[in-house]
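Trainee: Mind having a look at this structure? Questions to follow.
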Amino acid sequence: MLTRLKDSTPKTLLLGGAALFSVFPLLSMLSAALQPQGSSPAGFSIPTDPQWHNFVDAWDVANITTLMRSSIILVVGVVPVAVLIASMAAYAIAQLRIPLGKVFFLLLLLGLTLPYEIVVVPLYYEMQGLGLLNTRLGLILPLIGLNMPFAVFWMRTHFMSVPAELSESSAIDGAGPWQAFRRIQLPLAVPAIASLAVLMFLSTWNQFLLAIVLIDDPNKRTMAGALQGFVGAHSTDVVLLNAGALLIMAPTILVFLAFQRYFIQAMLAGAVKG
């Protein structure tokens with residue numbers, strides 16, 4: 001018993017410290033969001049008279065209802081399409097051994113190395129040339145393309161781990177590549193697909209730079225753009241800014257909590273496969 005306690009104590013302390021390090025910024029933001037409006041909170045402090053209506057005021061000031069609807073449209077337009085395309089591309093590269101598959105994969109890996117900011121200006125002129133500037137489609141298409149390198153890399157790692165005998169057996173039974181993909185590979189890839197969908201949801205929901213550059217209408221941007229509503233030319237309401245930031249983060253935290261089981265399964269599977 002004493003030996004087990006000695007072994008578990010350092011792990012418990014380490015995990016507790018890591019959890020506290022992760023949660024403390026959120027607690028600090030919550031304490032600042034509950035202070036009286038117009039004040040300047042300094043550090044973490046427990047409010048004596050919590051101002052819960054600050055969240056209602058922040059919701060109205062930042063027009064979060066409209067921006068949340070816009071973010072949902074963008075997520076629905078980006079995540080399912082990108083996950084489907086990435087799954088099919090990764091399956092073709094990993095299982096079908098298509099000609100020049102390795103070359104395509106290396107080109108995709110090259111996309112992972114490019115700094116995100118480099119492509120912003122070319123994308124702006126590309127969307128302008130296509131007449132898609134200031135439209136949601138003009139933001140959805142670049143987001144799908146920019147997510148492809150990581151998404152294909154993620155799904156290829158899964159498909160590479162699936163035994164080739166499965167595809168060979170399905171081929172012997174008369175199943176073509178499309179049937180094998182739809183009826184055998186996709187059901188096995190549910191944890192990887194779910195975790196990838198969560199990551200892409202977080203990336204799309206928190207997208208700020210592209211939304212600012214490609215869309216002039218504030219009502220068509222993402223939830224992250226709501227933070228601009230709290231920043232004035234001469235002053236910033238720190239209390240409402242913290243309340244608004246917590247409101248913006250809430251959906252992403254809820255989605256992660258709902259799908260964390262698939263996310264952890266995929267991460268552990270990747271760690272074991274090396």
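Trainee: Would you check if there is a residue in segment 252-274 being closer than 30 Å to ILE98 by Cβ, modelled with pLDDT under 80 and among the charged types (D, E, K, R)?
Mentor: yes
Trainee: Are there any pairs with C-beta distances below 6 angstrom linking a residue in segment 78-89 that is within 11 Å of ARG156 (Cβ to Cβ) to a residue that is at pLDDT below 95, with the two at least 6 apart or on different chains, and if so which?
Mentor: ALA86/ALA151; ALA86/VAL152; ALA86/MET155; SER87/MET155; ALA89/VAL152
Trainee: Here are the criteria: (1) modelled with pLDDT of 90 or more; (2) within 30 Å of ARG183 (Cβ to Cβ). Tell me which single one SER167 does not satisfy.
Mentor: (1)
Trainee: Between residues in segment 205-216 that are at pLDDT 85 or above and residues that are of a type in the set (S, T, N, Q), which pairs lie under 6 Å by C-beta distance while being six or more apart or on different chains?
Mentor: Pairs found: TRP205/SER71; TRP205/THR252; GLN207/THR222; ALA211/THR222; ILE215/ASN134.
Trainee: Also: Pick from segment 125-157 the residues that are in contact with a Gly (Cβ under 8 Å, 6 or more places away or on another chain) and closer than 16 Å to ILE93 by Cα: which of them is most open to solvent (accessible area, probe 1.4 Å)?
Mentor: Step by step, filter segment 125-157, then rank; the result is THR157.
Trainee: Now a separate question. Looking at segment 36-58, which of the residues that are of a type in the set (A, V, I, L, M, F, W, C) and closer than 15 Å to THR236 by Cβ is least open to solvent (accessible area, probe 1.4 Å)?
Mentor: ALA58
Condition check ((1) closer than 16 Å to SER203 by Cβ; (2) at pLDDT below 85) across all residues:
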residue	(1), (2)
GLY77	yes, no
ALA82	yes, no
TYR91	no, no
LEU106	no, no
LEU112	yes, yes
LEU123	yes, no
LEU130	no, no
LEU133	no, no
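Trainee: Can you list residue pairs whose Cβ atoms sit under 6 Å apart, with the first residue in segment 1-29 being within 30 Å of LEU246 (Cβ to Cβ) and the second being modelled with pLDDT of 85 or more and surrounded by 10 or more Cβ atoms within 10 Å (Cβ to Cβ)? Count only pairs 6 or more apart in sequence or on different chains.
Mentor: Listed pairs, sorted by first residue: MET29/ASN242; MET29/LEU246.
Trainee: Looking at segment 158-171, which of its residues are open to solvent by less than 30 Å² (accessible area, probe 1.4 Å) and of a type in the set (A, V, I, L, M, F, W, C)?
Mentor: Listed by number, the residues that qualify are PHE159, VAL162.
Trainee: I need the full set of residues from segment 59-112 which are in a loop (DSSP other than H, G, I, E, B) and either surrounded by 13 or more Cβ atoms within 10 Å (Cβ to Cβ) or β-branched (Val, Ile, Thr) (or both), in order please.
Mentor: Hits for segment 59-112 are ALA62, ASN63, GLN95, LEU96, ILE98.
Trainee: Test PRO187 against the stated conditions and say whether it is open to solvent by less than 50 Å² (accessible area, probe 1.4 Å), over 21 Å from SER71 (Cα atoms) and part of a helix (DSSP H, G or I).
Mentor: Here the answer is no, as PRO187 does not meet what is asked.
Trainee: Continuing with this model, one more query. So for segment 60-76 (the condition being free of Cβ contacts under 8 Å to residues at least 60 places away in the same chain and closer than 27 Å to VAL190 by Cβ), does at least one residue qualify?
Mentor: Within segment 60-76, one or more residues are free of Cβ contacts under 8 Å to residues at least 60 places away in the same chain and closer than 27 Å to VAL190 by Cβ.
The values are calculated or read from the model by the stated rules, or taken from the named source; none is laboratory data. Please read all numbers here as calculations on a predicted model, not as lab measurements. Glycine also receives a Cβ, built like all others from the backbone with ideal geometry; neighbour counts cover every protein chain displayed. With ligands, DNA and RNA removed, areas are computed over all heavy atoms of the protein, side chains included. Shrake-Rupley method; radii C 1.70, N 1.55, O 1.52, S 1.80 Å.
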